[in-house]
Amino acid sequence: MNDSIPENIPCSIAFLNLGCAKNLVDSEKAMGTLESGGFEIADDLADADIIVINTCGFIEMARQESIEEILNAAEFKLSERAPALVVAGCLSVRFMEELKAELPEVDHFLGLVYPLEMLKLCTTIAGERGVIDATGSGHESDDLLIPRSRKLTTPGHYAYLKIAEGCSNPCTFCAIPLIRGSTRSIEPDILLEEAGVLVEGGVRELILVAQDTTHYGSDLSAAPDGVRPGLADLIGHLDREVDQLEWIRLMYTYPSRITDDLLEVMAGAKHIVPYLDIPIQHGSESILTAMGRGMGPGALLELLEKIRERVPGIAMRTSIVVGFPGESEKDFIDTVDLIRKVRFERLGVFTYSREEGTPAYGMEGQLPEEEMERRSGELLRIQQEIARELNESLIGTVVDVMIDEELVDLEPFSLLGRTPWDAPEVDQGVYLERTPDTSMHLPGDIVRVEVTGSIDYDLEGIILKEPD
């Protein structure tokens, strides 16, 4: 690949990543490919010859953020460096023609961030600086195998491991299958190798992501023994075979595909944290049916009770969509009742976003934004009460905490960390005090902490002295 880049033109590329963790992994693989091709990866947009924005187009709020960031990045084109501006990702896939017409500041649009296509385009820009003729057609089949950049977009002690691309679920409100296609799983041996490389580079927590992690392996060929690899098999291998890995975390699991085998592996594993992200989306029978979710509230309650029984001490995170077309006040109350019964440790609420091309787009009963916001606020208020009670119950207990970052000017707290029950960026943290005899600790270290206080969504604690 090195021969394809003019040696007399140094070229640095900066990535601005928006949206989900899957986008971050896409960018890290593209960065790795560009590094192997002789490009430099810049940490700051101001230092780049090429700026790549990996956009999100999932819901309206994310689209607005993407547009704002594109316009902000376009300001750098007025600088002395005058970088080329490339827009890629989900927003570019869904609305490429509209974006081309409305954003003349952008030099080139790509679809999803396929590393080999990104290398092709950036090579053209590096050689011609403004004469851009790449087609953006992608080489997806090769891209699942490409190594990550040495510069992770996350802090060095945790990383996302993307185990599959696309989604085959029939949710009527979601545009992801239109953007990313159906499920394509990455072979287990490739993932184990990638995990090993990440851990050798200092990663202590791997967070498994996909559009639906529980669908992993459904498209793979069966092994010689006739068994097709699945999520339970994959996390079991990660737990046993990747040395120096402390925590393994599962995100984006689909309720109807959570198997007894998966729960058994979780309960018996050494490094898989007692945490499960299960977006249930709603608590009403009629709305879940209209959403195409395939599991009603009664079956959901049975499943969630079984998970708590099979994996003691587990924390469950869920996501709820309010304002789906036709959602009555009774439907909303059904969701409130389910949340009060289950008492999820972590919960996110989203207002319904009307997405072109989805079955729900043309459904009757679209709710006004003000009503959706009211219902969202009510759910968040209820969850705040639940979170406060759960956090208060932890005061006086001793928990494991992974250090995330050092704090400055926030006395008496000097460190911020997370328990095994908390994923980075979306869940709560623990503000930590050192005592005079506390050892020095760095991000990625796991310490024993006595919980001394609680806030609605955060804890406070003191790091305990390590035994001699």
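Here Tyr160 meets the list (1) within 16 Å of Ser27 (Cβ to Cβ); (2) assigned by TED's automatic domain parsing to the domain that holds Cys20; (3) at pLDDT 90 or above almost entirely, failing just condition (2). Close Cβ contacts (under 9 Å, 6 or more residues apart or on different chains) running from residues in the stretch 82-109 that are on the phi > 0 side of the Ramachandran plot to residues that are of a type in the set (Ser, Thr, Tyr) comprise Gly89/Ser27; Gly89/Thr55; Gly89/Ser66. Whenever a residue of the stretch 216-233 is closer than 19 Å to Ile272 by Cα, its partners that are acidic (Asp, Glu) and surrounded by 13 or more Cβ atoms within 10 Å (Cβ to Cβ), lying with C-beta atoms within less than 7 angstrom and at least six residues away or across chains, give the pairs Ala232/Asp261. Consider the stretch 284-339 and keep the residues that are under 26 Å from the mean Cα position of the chain (by Cα) and among the basic types (Lys, Arg). The one that is farthest from Pro274 (Cα to Cα) is Arg293. Checking each residue in the stretch 165-196 for being touching a residue at least 40 places away in the same chain (Cβ under 8 Å) and part of a helix (DSSP H, G or I) picks out Ile176, Leu178, Ile179, Arg180, Pro188, Ile190, Leu191, Leu192, Glu194, Ala195, Gly196. In this structure, does Leu338 turn out to be outside the structural domain of Glu425 (by TED's automatic domain parsing), touching a residue at least 40 places away in the same chain (Cβ under 8 Å), surrounded by fewer than 20 Cβ atoms within 10 Å (Cβ to Cβ) and of a type outside the set (Lys, Arg)? So Leu338 does not fit the description; no.
Per this entry, Val401 is counted among residues that are crowded, with 17+ Cβ neighbours inside 10 Å and more than 30 Å from Asp331 (Cα to Cα). Residues that are surrounded by fewer than 21 Cβ atoms within 10 Å (Cβ to Cβ), over 23 Å from the mean Cα position of the chain (by Cα) and assigned to a loop (DSSP other than H, G, I, E, B) do not occur anywhere in the stretch 250-263. Restricting Val451, Val408 to residues that are hydrophobic (A, V, I, L, M, F, W, C), outside the structural domain of Gly323 (by TED's automatic domain parsing) and in contact with a Ser or Thr (Cβ under 8 Å, 6 or more places away or on another chain) narrows the list to Val451. When restricted to residues that are in contact (Cβ under 8 Å) with a residue 24 or more places away in the chain and either touching an Asp or Glu at 6+ places or on another chain (Cβ under 7 Å) or surrounded by fewer than 20 Cβ atoms within 10 Å (Cβ to Cβ) (or both), the stretch 407-422 contains 7.
Checked across the stretch 220-239, the condition of being over 23 Å from Glu309 (Cα atoms) and of a type in the set (Ser, Thr, Tyr) holds for at least one residue.
Of the residues making up the stretch 260-281, those that are in contact with a Ser or Thr (Cβ under 8 Å, 6 or more places away or on another chain) and on the phi < 0 side of the Ramachandran plot are Leu262, Leu276, Asp277, Ile278, Pro279, Ile280. Residues in the stretch 89-127 that are surrounded by 24 or more Cβ atoms within 10 Å (Cβ to Cβ), within 15 Å of Gly57 (Cβ to Cβ) and out of contact with any Cys (no Cβ under 8 Å at 6 or more places or on another chain): Ser92, Leu110, Val113.
The values are calculated or read from the model by the stated rules, or taken from the named source; none is laboratory data. On a predicted model such as this, the values are computed, not experimentally measured, just so you know. Because the Cβ atoms are built from the backbone with ideal geometry, glycine has one as well, and the counts that use them run over all protein chains shown.
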